[in-house]
Structures are given as structure tokens and as C-alpha cells.
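Enquirer: Just dropping this structure here.
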Amino acid sequence: MSTLEQMYQQVILDHAKRPVGRGLVDLASAEGHRAGESHQVNPTCGDEVTLRVDVTPEGTVAGVSWEGQGCSISQASVSVMTSLVEGAPLAEVARLDGLFHDLMSSRGKGLGDDDAEDSLGDATAFTGVSQYPARIKCALLGWAALKDSLARSGALATS
Amino acid sequence: MTTTTATVRPGDPAPQVQPADGSLSTTELAAVRADFPLLERTVRGGQPLVYLDSAATSQKPQVVLDTEVDFYEQRNAAVHRGAHQLAEEATEAFEQARAAVAAFVGADEGEIVWQPGATAAINVVAYAFSNASLGRGGEAAERFRLAAGDEIVVTEAEHHANLVPWQELCARTGATLRWIPVADDGRLDLSGLDEIVTERTKVLAFGHVSNVTGAVAPVAALVAAARRVGALTVLDACQSVPNMPVDFHELGVDFAAFSGHKMLGPTGVGALYGRRELLEAMPPTLTGGSMVEVVTMESTTYAPPPQRFEAGTQMVAQAVGMGCAAQYLGELGMAGVARHETELAAEMLKIAEIPGVRVIGPLDTANRLAVVSFVVDGVHAHDVGQVLDDKGIAVRVGHHCAQPLHRRFGVAATARASASVYTTVEEVVAFREALAGVRAFFGAE
């Protein structure tokens, strides 16, 4: 597989075409839930995402919805992230966020830890992206929006 | 990389280059390419580099690199001070470079002010207006004073560097920003010019050539409109100076800005052109050493231009390199360079025939340069650039520091191919062929 094909894995192209969680859902949340929204822009290429998160009183991600425009890497990454974190406790979301950042710093080598890569699921498909320094920020855009929306929801302070 | 004995001095004719009356012949083009060491390198697994990003920054001929090294090896000293031989030689090289740049753009030596780049140059003018509006510069600076009710006119096609400084100047002075719109073909729409440029207009700032559409602005019409109402004109000449003959006196603009690194010169240097009487009347922006006459604890009088606008230690080696670049292009002949690039523009514009490819900008080669921005249906510009890069083809992606122009065409980002004197038709053909395969790669229907 060429480095270009390593970057644009089929799972990434599929998520870019049929994204998960796309289309913002109203933030009016259920009793005791906390909700937050974040808008993130990549000023160098104009990619953007607006992401909303809904957290249960027990500190689990009840739902993620988003709207965005940009390259296939940025849009697929938000989509993959959405399917990964829905239903996950906040501590697990924080762990996945850390793992994904480690993956993006791996320069194409991956995490070298099968268990960790298993927990990232489809997100490991972005390993090839980490070979292209200019594209890493594309893959991280959605994760930045998730982190910020969780902070804004107030759920992190109480969990 | 070849190592050449560093004996090139500003003032010497640039070697290895044939003056060209017509477009560049194949032999001449081969000779030009041989001057650029970077063009010999390979990228992405040993493929030849196809560099189509010269509108962002150009590559440098060996003679420019040697001139800069030679300055550091043989002449390095502070300019305009010091009683020693090195200081004399450094000053001479610095001022000869100014003369070379001035001659290249149709200006007098005293009308060229060294700046770190074109952005800095435009800001010098904007802050001069600002300082004059605060009362600095005395009576001479009257025509630089702005207040509420005054207007500054730009165009919708501007690079942020020729837009944001004017927005900021308006915010500081109470003046109002207005703009000339862009038509669907990417050229300026002058149909409402008389309603936009009026007695209230004090500044008309516009780009000579758009860094997105490649369209050459109708300078004569804009200068005439500004003169009718007594407004000063500021020309962003970053894309024109490296690619076509430019004569500021002939164009009749009041100020112009251009950068060294886009015209085969070093980074960190550019120039501000100003008509002599205007530079003389203009208050300084950066203040400090080297730009003064008499300094007391209470107050300071300022040196005449250009030194008035060159505070602090200057980027001497880069300036000398920029002078060399001007000379290199001058020896080559800008009329021939422009004809060569018109051929390249025609080759580039054939991408409009590829299904799903839409060019943002004029589709004909009249009054346009070889800067071609485009979108591909169903594929984001960043992804387009990545697939081209995989074949060794370097293009720029994004908004190219012109967000309003992209908004005008309803796109967030475009990919852009741009040429310089060393670009070949074969490279453009390789680009077209690679581009034709992009939609299939992403399965776009």
C-alpha cells in the first residue's frame, strides 16, 4: 500500500462519505443532563466543525452531534470519533483522546500496543495521517471540539 | 548542490542567462532551470519535483544564494555608520541593491524603502495615515489625515495583507471601508466605480494581480478614478513584479508594496515604493535608531526618506540578495518572462476541461497571469493537494489569505497552481494528468 493509500484508508473514505452524527441535534437535554457546544476552526485551511455533546448525570456521553465542512480527513475523524465516544464514560473519553493524540504523534508507527489500538477501533485507520505533519491538525479538529464542548458543558467539573 | 565561487556582486550582469526578446526558448528555459539548485531535488519517493507554488514563494537561483553568502563572507558590516572599509563596502552593496530594485520596477532610488516584506510595507503606509491623523507630521502630513466621514476603498479580491491593515486603520480613525466587488469571471466589477470612489475617498488600495484568480487589475482606470477625487493609490504588486514588466512611474500609483521572496529573492525582505514627495511628507511608523537626524531628551527630528522608514539594523544580506534577484530577472527580460507565463497560463486553464473541475477566475489568458485556482466537485482542496503531492506536484490549498474572495465564490478553500520563470509546459501537463485522476481516487461521481 502506498503512503497515500495508507492515509486514505477505505474506512476513512467511507466515513467522509457517510458520516456518523452529522446534523446538529437540539441541546435541550433530559433531567440532570449537561450539554455543551463548541465551534472549532482550522485557520490555515478553513476547515470547521460545530459539535454538541450531551452527558448523563452519571457522566456518560449520551450523544454527539455535529456539523462541519472540510477535507475528508477532518470530517471522517469527527465521524469516527462520534461512533467511538457515544455511550462512553468521561474517563474513557479522556483516555481515548490521549491515545488518539499519541497515535497522531507516532509518525506513522502506530501505538505499538494492541490493546490500546483495539480500544481506538476505526480511529487507528488514521495512523497513516500521522506521517503527514500538515494533516495531523485535520484529524484532531473534531477531538478538540469534543474536549471543548465537554468543558463548556460543565460535566468535567462534576465527574 | 553545485558550489560556485562566490564572486557575484551586485552590479555584475547575472550569469548564464540569455536576454530574451520573445518568449523563452527551450534552450533558454533549460539554462534558467539549471540556475535553480532546488529544482533538481526529488520528492515523495524519488519523483521529480513539479513546483507549482511560486505564487506563495519562488525558488532561488544560485546567483542569489551566492550573493547572500558572499555578503556574509566578504562584506558583512553595519551600513550607514562606521568609519571602516567593511562598512563602506556593505553600505555600497546595500545601496546598489536598492538601485537595482528601483531600476527593475521603474522607480527612483530614493523612492524604494526596504521593508521586511510586503505586509510590513503596506502597514507602514497605513500607520503613517494613523500617525498623521493623531497630528504627527505637521502641515506636510495634511493629506494623510483621516477622520469620520472619510473613506478607504479596497477590492473584494484583496489578499488579507491589503485588507486587514485598512480595516484596522478605519477602526483607529473613524474612517469607513468600502470595496469594489468582484464579477463572476473573477475580474473587478467597475460598473459602480463612480459611486464607490468619491470625494470622500482618501485611499484606494488594490492588488495589481490577484493571488487567487490571476486577474490583472485595470490599473489605469483605478488610478484615474483616484486622481479625479484626490485619493492616494496603494498597489499590492507582490504577484505582478515577479511575473510581468512593472513600471510604477508609468502606472502612476502613489505607493506600492512587493516582496523579495516571491521574485526569486530571499525571505525577510521586501520593498515599499512611494512617490518621492509623498514619502517626504509622510510621518514615520517604526521609530528608533538610524532614522533620525537630531535627538535630544525632549524630541527628535527625522531623516529624509528612505532612511526615515528604515529604523533599526536592516536586513542587509537579504536586501543585497533581492537586488541580485531583480538584476537576474531584468537580464532575463520581463517581457519574455510574461510571454512564457502566458503560455503556461493557457496550458493550466485546460484543467477547466476536466469533468468536475471548476476554475475560480478568468478562463482566457488576456490580462491574467499563470495563477490558477480551482475546485474539484466532491473532493476538498486539501485532499486534491495531497493526491497531487503524492505524484511530486506541489500546489497550494486553502484560502490563500483571501477569505472574502473565496466567500464571494461560495467556497471555503481552493487548490492553486502557479508558475514562475522556471516552470515548464511539461510540468503543467503532468499536473493536468494527475488532476484528472483525483476524482476517481476518492470515488467521486
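Enquirer: Taking region B:198-302, which trypsin sites (Lys or Arg not before Pro) meet the DSSP loop condition and have no more than 16 other C-beta atoms within 10 Å? Don't skip to the answer; put the middle values down first.
Expert: Numbers: sites: B:ARG200, B:LYS202, B:ARG227, B:ARG228, B:LYS262, B:ARG275, B:ARG276; in loops: B:ARG200, B:ARG275.
Here the trypsin sites (Lys or Arg not before Pro) that fit, given the DSSP loop and packing criteria, are B:ARG200.
Enquirer: List the GluC sites (Glu not before Pro) in region A:1-87 that DSSP assigns to loop (not H, G, I, E or B) and whose Cβ has at most 14 other Cβ atoms within 10 Å. Which are they?
Expert: On the way: sites: A:GLU5, A:GLU31, A:GLU37, A:GLU48, A:GLU58, A:GLU67, A:GLU86; in loops: A:GLU31, A:GLU58, A:GLU86.
Those that pass, being in a loop and sparsely packed, are A:GLU31, A:GLU58.
Enquirer: Oh, and also: Could you work out the relative contact order of region B:70-330, using alpha carbon pairs under 8 angstrom and six or more residues apart, expressed as a whole percent?
Expert: Relative CO of region B:70-330 lands at 25 percent.
Enquirer: Now, a different point. From the gyration tensor of the Cα coordinates in region B:185-328, what semi-axes in whole Å does the equivalent ellipsoid have, largest first, with each one equal to sqrt(5λ)?
Expert: Semi-axis lengths for region B:185-328 are 30, 23, 11 Å.
Enquirer: Please identify, among B:GLU40, B:GLU95, B:GLU343, the residue showing maximal mean-square fluctuation in a Gaussian network model of chain B using a 10 angstrom Cα cutoff.
Expert: Sorting by GNM fluctuation, first place goes to B:GLU40.
Enquirer: Can you list the equivalent-ellipsoid semi-axes of chain B, largest first and in whole Å, using the square root of 5 times each Cα gyration tensor eigenvalue?
Expert: 36, 30, 17
Enquirer: So what are the three principal axis dimensions of region B:70-330 from its Cα atoms, in whole Å, longest to shortest?
Expert: Principal-axis extents of the Cα atoms in region B:70-330, largest first: 59, 46, 26 Å.
Enquirer: Per residue of B:378-385, count partner chain C-beta atoms within 10 Å of its C-beta, then hand back the mean as an integer. Let's see the in-between values first.
Expert: Details: counts 1, 3, 12, 4, 13, 10, 1, 3.
Neighbouring Cβ atoms belonging to other protein chains average 6 per residue here.
Enquirer: Here is a further query. Per 0.36 nm of contour for each residue apart, how much would the distance between A:SER105 and A:LEU24 grow if the chain were fully extended, relative to their Cα-Cα spacing?
Expert: Working it through step by step, the gained length comes to 26.1 nm.
Enquirer: With an 8 Å cut-off on Cα pairs and a minimum separation of 6 or more residues, tell me the relative contact order of chain B in percent.
Expert: Averaging sequence separation for qualifying contacts and normalising by length gives 22 percent for chain B.
Enquirer: Which distance in nm do the two modelled labels at B:THR57 and A:GLU31 give, with both placed 7 Å along the Cα-to-Cβ direction?
Expert: Result for the modelled spin labels: 6.2 nm.
Enquirer: In whole angstrom, and with the biggest value first, how far do the Cα coordinates of the protein assembly as shown range along each principal axis?
Expert: If we take the Cα atoms of the protein assembly as shown, the spans are 75, 58, 54 Å.
Enquirer: Could you check the spin-label model distance between B:GLN167 and B:GLU88? Points 7 Å from the Cα along Cα→Cβ, value in nm.
Expert: Going from the B:GLN167 label point to the B:GLU88 one covers 5.2 nm.
Enquirer: So, one more: Find how much the distance from B:VAL425 to B:VAL229 grows on full extension, using 0.36 nm per residue of separation minus their present alpha carbon separation; answer in nm with one decimal.
Expert: Extra length available between B:VAL425 and B:VAL229 comes to 66.1 nm.
Enquirer: Check the straight Cα-Cα distances from B:LYS60 and name the lysines below 16 Å, setting aside those fewer than 8 residues away within the same chain.
Expert: B:LYS262
Enquirer: Let me ask something else about it. Not counting the cut sites, what is the longest span of chain A without trypsin sites (Lys or Arg not before Pro) that DSSP labels loop and that have at most 15 other Cβ atoms within 10 Å?
Expert: Within chain A, the longest run free of exposed trypsin sites (Lys or Arg not before Pro) spans A:1-106.
Enquirer: Which length gain, in nm to one decimal place, applies between A:ASP113 and A:SER83 when the Cα-Cα distance is subtracted from 0.36 nm times their residue separation?
Expert: Details: separation 30, 0.36 × 30 = 10.80 nm, distance 2.15 nm.
Full extension from A:ASP113 to A:SER83 adds 8.7 nm.
Enquirer: Between B:GLU199 and B:ASP364, what is the FRET efficiency for a Förster distance of 41 Å, r being their Cβ-Cβ separation, to the nearest 0.05? Kindly include the intermediate steps, with their values, before the conclusion.
Expert: Working: r = 36 Å, r/R0 = 0.87.
Step by step, r from the Cβ atoms, then E = 0.70.
Enquirer: Relative contact order of region A:3-158, please, whole-number percent, based on alpha carbon pairs below 8 angstrom and at least 6 residues apart. Working shown, then result.
Expert: On the way: 291 pairs, mean separation 49.3, N = 156.
So the answer I get is 32 percent.
Enquirer: Assuming R0 = 56 Å, can you tell me the calculated FRET efficiency for the pair A:MET1 and B:MET297, based on Cβ-Cβ distance, to the nearest 0.05?
Expert: That gives a FRET efficiency of 0.20.
Where a number appears in this text, it was derived from the coordinates with a stated rule and is not lab data. No experiment lies behind these values; they were computed from the predicted model shown. Here Cβ is always computed from backbone atoms with ideal geometry, including for glycine, and neighbour counts include all displayed protein chains.
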